[in-house]
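Single-structure report; data block below.
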Amino acid sequence: MAVSLFRLRKHSGFDGEHVHIRSTSSSLLKSSHSSSSSHSRRHQGSSFCEIADEIPGNVSRRQRRRQRSANASSQQKNPVQLVATSVVESQAPPNFFQIVLQGAVAGATAGVVVETVLYPIDTIKTRLQVARSGGGIVFKGLYSGLSGNLAGVLPASAIFVGVYEPLKRKLLGIFPDHLSSVAHLAAGAAGGLTASLVRVPTEVVKQRMQTGQFASAHGAVRQIVGAEGVRGLYAGFGSFLLRDLPFDAIQFCIYEQLRIVCRKLVKRDLVDAETAIIGAASGAVTGAVTTPLDVIKTRLMTQGAHGRYKGIGDCVSKIIQEEGAGALLKGVGPRVLWIGIGGSIFFAVLERTKQLLADQSSPKDSLTQAKFV
């Protein structure tokens, strides 16, 4: 239902002095016509009222009339102007399905763009982490496994953001403002846990193709399942969760908190460039902190059916004994670069896509301009 908001502005030299009233346009016009007719009738009967005011019992009535007369003279000195500033269309808040759908579309779009642009850096990082002491790095076939990886990244990114967005909004409504970081951490971890069901098989196939074990995604899936069973597609699942749950939680928490701080500082919505800088910072910090977990995950995922590591603990122990503790930071440079740039692109594309979807789903409010003196 359209509602007109009228502002009463007194010409008293103070632009900020105003009063708001809520009314419909038709009722305002009727009220204005009625008040003018009533004023005319009172003017015609003023002589009778003055005689009635002289009756002793009508003292209070006489005082009220004097007060009205004073108010009328004051209004003549300070005329009141009615300005219809806007018409506000009431809108229902977005429903749960709409939030999930918009988040899924935005997440899928951002994930595919980032993976396509930065896949070569990810390939170099993987080959660095797999190489043992004295091993060389091959720089050919840096896009090996991209098509198969996109087939998994698209649904995984859609699932992650589709879970993260509605859960984040729900938790922010529960937690007070000073605990908003807890809501972001929990929502990020939940999104990562749900998306891992698709992410892990995608990551296993991608990394084995990046290291030259297989030539195609379809052939990789067939041979892995044939040699290791379905469990082979989830090799390193524990180490993946060990890396990705804290990674997702920390990255999105840092991003959301930096976004809140920056919006308070500039006192407006952030532009794409500012969102990209915040995304890059959150990605770079998170990527550096979680590099040891990524090394462990990569070793477990690429070892094959007859691997040399029995689990996470055994993997850490053998890496430190055979290669030194510094080996847990292998690939940290490419990883920070990759995730920093990836965070910049991902969050910029994510926020822009969310905004475009929101604009399409909710029509803009109409504005009217009218003046009554």
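Averaging the Cα positions of each part gives two centres, and for region 291-354 and region 180-230 these lie 13 Å apart. Accessible area per residue for region 142-278 is 47 Å², calculated with a 1.4 Å probe on protein heavy atoms, without ligands, DNA or RNA. Note on region 228-364: along the principal axes its Cα atoms extend 61, 34, 19 Å, ordered by decreasing extent. Over all other residues within a Cβ to Cβ distance under 15 Å of Asn95, the charged ones net out to +1, with Lys and Arg as +1 and Asp and Glu as -1.
The stretch between Lys318 and His306 holds 2.7 nm of extra length on full extension. This uses 0.36 nm per residue minus the Cα-Cα distance.
Full extension of the chain between Ala273 and Phe175 gives 32.3 nm of extra length, using 0.36 nm per residue less the Cα-Cα distance.
A simple count of charges around Ala288, restricted to other residues whose Cβ falls under 15 Å of its Cβ and scoring Lys, Arg +1 and Asp, Glu -1, yields +3. Across Thr109, Thr286, the residue with the most accessible area heads the list, and the full order at a 1.4 Å probe is Thr109, Thr286.
Each of Ala288 and Ala151 was given a label point 7 Å from its Cα along the Cα-to-Cβ line. The distance between the two points is 3.8 nm.
Here the ratio of the Cα radius of gyration of region 137-180 to 2.2 N^0.38 Å is 1.95.
For region 170-244, taking Cα atoms only, Rg and Dmax work out to 17.2, 52 Å respectively. If every alpha-carbon in region 182-225 counts as one equal scatterer, what log10 I(q)/I(0) does Debye give at q = 0.22, 0.28, 0.29 1/Å? Values returned for q = 0.22, 0.28, 0.29 Å⁻¹ are -0.69, -0.90, -0.93.
The values are calculated or read from the model by the stated rules, or taken from the named source; none is laboratory data. Predicted model only: the values in this text are computed from it and were never measured. Don't worry about glycine lacking a Cβ; one is built from the backbone with ideal geometry, like all the others, and counts go over all protein chains shown. Heavy atoms of the whole protein, side chains included, go into the accessibility calculation; ligands, DNA and RNA do not. Shrake-Rupley method; radii C 1.70, N 1.55, O 1.52, S 1.80 Å.
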